[in-house]
1. So what's the angle, to the nearest 10 degrees on a 0 to 90 scale, between helix 36-46 and the longest Cα principal axis of the chain?
2. If you build the convex hull over the alpha carbons only and average its shadow over all orientations, what do you get for the chain? Give it in nm² to one decimal.
3. Amide H to amide H under 5 Å from ASP103: which residues, 5+ apart in sequence or cross-chain, H placed 1.01 Å off N in plane?
4. If you stretched the chain out fully between TYR28 and ASP96, how much longer would it get, using 0.36 nm times the residue separation minus the C-alpha to C-alpha distance?
5. Round to the nearest 10 and give me the degree value, 0 to 90, for the angle of helix 12-31's Cα axis relative to the longest principal axis of the chain.
6. For LYS109, go through the aspartates and glutamates and keep the ones whose alpha-carbon is under 18 Å away, minus same-chain ones fewer than eight residues off.
7. Leaving out ligands and nucleic acids, note down the accessible area per residue over the range 38-109 with a 1.4 angstrom probe, in whole Å².
8. Within the accessible area of the range 24-101, what % is carbon and sulfur when the probe is 1.4 Å and the other protein chains stay in place?
Amino acid sequence: MKTKKLYDMSSAQEMNRLYVEAQEGFKYMISVPDNKSIEDELREDFGICFNDIIIKNNQITIFWFHENTTDYTIEVFLILLGKEGEEIGEYVYVIDHEGNGVDDRWSFK
């Protein structure tokens, strides 16, 4: 079984690259027309649009599927802030052990 080398989480450059990839994932997600109803809810609940959201890096974690395997995912957490800097939610971008973005999710308070 060939697998990609585990990310070097001690490297600031590697961690920054993962945060940038997650931020791009978020930007893509807010551009999807099907998410327009979520933007309408944001406008109603917080008085903001997607473009008003400020993204703040939070943490990166590795999730191992089994104890004795090379399969893992990397979860990159971003905090979503409103216009005044208040936390309004979270975005998580998931990368598989081969470096592919495989999932993402967001939640709002």
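The values are calculated or read from the model by the stated rules, or taken from the named source; none is laboratory data. Bear in mind the structure is a predicted one, so any value in this text is a computation, not a measurement. Calculation scope for accessible area: heavy atoms of the full protein, side chains included, ligands and nucleic acids excluded. Shrake-Rupley method; radii C 1.70, N 1.55, O 1.52, S 1.80 Å.
1. Rounded to the nearest ten degrees, it is 60.
2. The number I arrive at for the chain is 7.9 nm².
3. Amide H neighbours of ASP103: VAL94.
4. 22.6 nm
5. Helix 12-31 sits roughly 40 degrees off the main axis of the chain.
6. GLU39, ASP40, GLU41, GLU44, ASP45, ASP52, GLU84, GLU86, GLU87, GLU90
7. Working: 4160 Å² over 72 residues.
I get 58 Å² per residue for the range 38-109.
8. Reported share for carbon and sulfur atoms: 46 percent.
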